[in-house]
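> Take this structure, written in C-alpha cells, and hold onto it; I'll ask about it next.
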Amino acid sequence: MKFNNTPLTPGRMALLFASLTFGAAIAAERPNIIMLFADDISAREIPAYGSSTWSNPDSEDSNDLQYRAVTPALDQLAKEGCLIKNAWGATVCSPSRAMMMTGRYAHIHKWWHNGDIGKTKTKNGKFTQWTLYDSSPLQIGHIAQQAGYGTYWAGKTQMPGDLTKYGFDEGCFTPGNLEDTDNPFTDFKMYEKKVDGKKLLFNSDTDKQIDSYKQHGWYWAPHVRLMNREGKETFSWWPDDEESKKNFGLNTYGPDVELDFIFEYMERQRKEDKPFFIYHTSHLGHDAFDWFFPEINTKWPGAPIVKWDGEKYTRTEPNVTGDNGVYDTHDSITGPGIHNHVNYLDYQVWLYRNKLRELGIEDNTVFIFCADNGTSGYGKASPEKQKGTHIPMIIYAPGMVKHGPQDVLANLSDFLPTIADLVGVKIPDDYEINGESLVPFLFTDKPTHRDWIYAYRGDQQLIRGTKVMKDGYDKWFDVSKEPADLISFPEIKDWNSVGETHRAEREMLEKILPKFDVYEEAHDAPGVIVPPELNLTKAQKNAKNKKPNQKKNKKND
C-alpha cells in the first residue's frame, strides 16, 4: 500500500493516522513546517520547564523572578502541543547545527567542536574544512525540497562554504560571514589590525580597541544579506530599495527583519498553494557586543520592549539616537539579560501563530521550538553533566495525540527523519542517520521515543538513558529523578548503591559508545591523512593535553 506515492512504512502509517484527524478539507495536504531554532538557551531558561534556577544578566545562577522570562505563547504551545523534557543537542553551536541539519553525529560529519572540524583535501592538494554538504548530502532542506516544498532559511548560518548548497531556495542571513566586511549600510562590525606586532580588535563604529571576539552586529542596525532575492544577484545586501533604505538604521532590529522576510515568503507560498519549510535560526539567546554601550560589558544586549496583557502582546517602538559609540536609547529598549531575549522569542512565537491563522493554515502547520545548546556562562561548551546539552524542545502538530510535558528522550538528530516522515520522503536504507523519527511517538499511543541520547565535545562523549547518564568527564549520574534545578543529579560512585536496572542500563550505554568514539583515528574525511602539524587545532591540543576532569572556559561563537 502507498500513500502519496511513498511506501507506507510505520512512520508513514502514523502520519496517515495524523492526517485523518486534521479534517476532511485538508487531509490530503502535506503539513507546512516551521522550526524556530534559538541560540544558546538552556531548557532551564524556559519557564515551562519548571526549573528553580535560571540565568541573570551576569550569567550567574538566580531564582530572582525579575530575571525569569515570561512566555505565555510558549506555555500555550507546550500545552496544546508537547514539551520534551529530556532533549539534547551537542554542547556548542557548530556541532549542534550539524547534528540538526544532517541527522548525524560527528563520527560521520566530523564537526567535533567549534573550531575543531575535520578536514578534506582539495584537488590542488590543499587541506580545507570538510563542509556538511560534502559529508552529508541529504539534509533537512534537501529532504523538504525533494518533497516539493519551498524552503527558506533565516538568521544565523554558522555554516561555511556555498550557502546555496544546503537545500534552501531563499534566505535572509544576519549577518553574513565575517568575511563580508563590505556592508555599506552599517558600521556595527569589527576589524583587526596589528599594533606593535600584536593583532588587536577594533570597533568600526568608534575605531577604538575592544576586548571581545570578532563579530558583526546581528541585533541592532544588523548586517542583512539575502539569498536568491528576486531580481537580485545570488547574494545581495539589504536594505535594497528606496523604502527599506529610508527606514533602516539604529532602530532596525535583526530578529524583526528575519521575521518580516519569513512572513513575506509564507504569503507567497500560500498564494501559490505550495507547502513550505521554514528554518529560522535566530540569534536570540546568543551573547553579543553591545554597540549602544561599547564601554559596558553587557552580555545580552537589550531587546525591544514587549508586554503581555493576558490576551495579546504590544511592542514599544524603539527610539535610539546618536552615533560613533555615543547613543541614547531613551529607555525604549530593555536592559540586558537572556530573559529579555527569551521574552522576545515568545513574542515572535505569538506572531507566528497569528500569521498562520491569518493565512488559514494553522491546522496544517507543524511548529517546532528548540535551541542548539546550553546558555552562555552556564552550560555552553560544557561537558559537565548535561549543562551543555540540555535544550528546550516544544512541538505542536495538528492531529498529534501527545500533549503537555512528555518525560521522554529526544535528540536534535531526530528532526531529519521526523521531517522526512512528515513530508513523505524515504531516506535510502544505505544512508546512515543517527536520529529516530518522532512521528510515531507524537501521533500514536507509542509510550516512549528512544532509549538513549548522545552528545559530544571534541573527543569527549556524553550519553544518557532514563536511569543513568555519563558526562564528558566520564562521571556517571543517577537521572531517574528530576532535580528542581534540572542539573543537580547525584553522582554514582558506588554501583552497589543503585538498583539492577541502573547497572543494566549503564552496560547497555557502554556498548553503544565505541561506534562513535573515533576522534583520534578518524578525525577527518574518510581516506584523508592530515599532517599532525596542520590538524592540531586549539581544541584538539586542549583535548590531547587535558587532565582528568579539567574544565575548559573558552569563548565560543
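> Kindly provide the pair-distance distribution of segment 200-326 built from C-alpha pairs, with 5 Å bins from 0 and whole-percent values in order of increasing distance.
2, 8, 15, 19, 19, 15, 12, 6, 3, 1, 0
> Now for a different question. Counting only heavy atoms of protein chains, what accessible area per residue, in Å², does the chain have with a probe of 1.4 Å?
On the way: 23160 Å² over 557 residues.
Averaged over the residues of the chain, the accessible area is 42 Å².
> A further question on this structure: Based on C-alpha coordinates, I'd like the Rg and Dmax of segment 298-401, in Å.
Just the Cα atoms of segment 298-401 yield Rg and Dmax of 17.6, 55 Å.
> Here is a follow-up. Say a site is exposed when it is one of the GluC sites (Glu not before Pro), sits in a DSSP loop, and has at most 14 other Cβ atoms within 10 Å; what is then the longest site-free stretch of the chain? List each step's numbers first, then the result.
Numbers: sites that count: GLU29, GLU60, GLU179, GLU230, GLU233, GLU272, GLU295, GLU311, GLU432, GLU520, GLU521.
Maximal segment without exposed cleavage sites: 312-431.
> DSSP beta bridges in the chain, what fraction antiparallel, as a percent rounded to 5?
Working: 51 of 78 bridges.
In the chain, DSSP labels about 65 percent of beta bridges as antiparallel.
> Let me ask something else about it. Among PHE289, ILE391, SER136, which residue has its Cα positioned farthest towards the positive end of the charge dipole of the chain, with +1 placed on the Cβ of Lys and Arg, -1 on the Cβ of Asp and Glu, and the dipole taken about the Cα centre?
Among PHE289, ILE391, SER136, the one farthest towards the positive end of the dipole of the chain is SER136.
> Here is a follow-up. Using protein chains only and a probe of 1.4 angstrom, how many square angstrom of LYS307 are accessible, to the nearest 10?
For LYS307, solvent-accessible area is about 130 Å².
> Of HIS223, GLY527, ALA484, which is farthest towards the positive pole of the chain's charge dipole, taken about the Cα centre with +1 and -1 on the beta-carbons of Lys, Arg and Asp, Glu respectively?
Going by the charge dipole, the pick is GLY527.
> Also: Checking a compactness column here: for segment 266-356, what do you get for Rg(Cα) / (2.2 N^0.38 Å), N being the number of residues? Walk me through the intermediate numbers first.
Numbers: Rg = 16.3 Å, N = 91, 2.2 N^0.38 = 12.2 Å.
Taking the Cα Rg and dividing by 2.2 N^0.38 Å, one obtains 1.33.
> With just the Cα atoms of segment 147-278, tell me how far they stretch along each of the three principal axes, in Å, largest first.
Extents along the principal axes: 61, 32, 22 Å.
> Hey, how many Å between the Cα centroid of segment 216-268 and the Cα centroid of segment 343-372?
One Cα centre to the other: 20 Å.
> Calculate one ³J(HN,Hα) per residue across segment 339-354 by plugging θ = phi - 60° into the Karplus curve 6.51 cos²θ - 1.76 cosθ + 1.60, and present them in order as whole Hz with x for glycine and proline.
Rounded to whole hertz, the list is 4, 5, 5, 5, 4, 6, 4, 5, 4, 5, 4, 4, 5, 4, 5, 5.
> Let me ask you something else. Can you pull the accessible area of PHE127 for me, 1.4 Å probe, Å² to the nearest 10?
60 Å²
> Using +1 on the beta carbon of Lys and Arg, -1 on that of Asp and Glu, and nothing else charged, what's the dipole of segment 112-261 about the Cα centre, debye to 20?
Numbers: 18 positive and 23 negative charges, 178 e Å.
Rounded to the nearest 20 debye, it is 860 debye.
> Starting from one equal scatterer on each C-alpha and no solvent at all, send me the Debye-based log10 I(q)/I(0) for the chain at q = 0.06, 0.12 Å⁻¹, two decimals.
-0.28, -1.25
> A follow-up question, please. Where Rh is the Kirkwood radius over the Cα pairs of segment 222-273, the temperature 25 °C and the viscosity 0.890 mPa s, what D in µm²/s does Stokes-Einstein return?
On the way: Rh = 12.1 Å.
So the translational diffusion coefficient is about 203 µm²/s.
> So, one more: Positive end of the dipole of the chain, charges at C-beta (+1 Lys, Arg; -1 Asp, Glu), about the Cα centre: which of CYS172, ILE368, SER413 has its Cα farthest in that direction?
Checked the options; the winner is SER413.
> From zero outward in steps of 10 Å, how is the percent of C-alpha pairs of segment 95-195 spread across the bins?
Histogramming segment 95-195 at 10 Å steps yields 13, 38, 33, 15, 1, 0 percent.
> Shifting gears a bit: Compute, for the chain, the length of the dipole vector about the Cα centre, with Cβ point charges of +1 (Lys, Arg) and -1 (Asp, Glu) only. Units Debye, rounded to 20.
Values: 66 positive and 79 negative charges, 321 e Å.
Roughly 1540 debye, rounded to the nearest 20.
> Rounded to whole Å, give me the distance from the Cα center of segment 373-411 to that of segment 473-517.
So the separation of the two Cα centres works out to 18 Å.
> Let me ask something else about it. Ignoring everything but the protein chains, give the 1.4 Å probe accessible area of ARG353 in square angstrom, nearest 10.
20 Å²
> May I pose another question? Given bins 10 angstrom wide, list per bin the percent of all Cα-Cα distances in segment 410-528, short to long.
Taking all Cα pairs of segment 410-528, the binned fractions are 11, 34, 34, 18, 3 percent.
> One-quarter of the Cα convex hull surface for segment 242-296, in nm²?
Values: hull surface 21.8 nm².
Taking a quarter of the hull surface, the average projection is 5.5 nm².
> Then there's this: Taking 37 °C and 0.692 mPa s as the conditions, I'd like the Stokes-Einstein D for segment 342-425 in µm²/s, using the Kirkwood hydrodynamic radius from alpha carbon pairs.
In µm²/s, the coefficient rounds to 219.
The values are calculated or read from the model by the stated rules, or taken from the named source; none is laboratory data. Just so it is clear, the model here is predicted, and its values are computed rather than measured. Because the Cβ atoms are built from the backbone with ideal geometry, glycine has one as well, and the counts that use them run over all protein chains shown. The accessibility values were calculated without ligands, DNA or RNA, using every heavy atom of the protein model including side chains. Shrake-Rupley method; radii C 1.70, N 1.55, O 1.52, S 1.80 Å.
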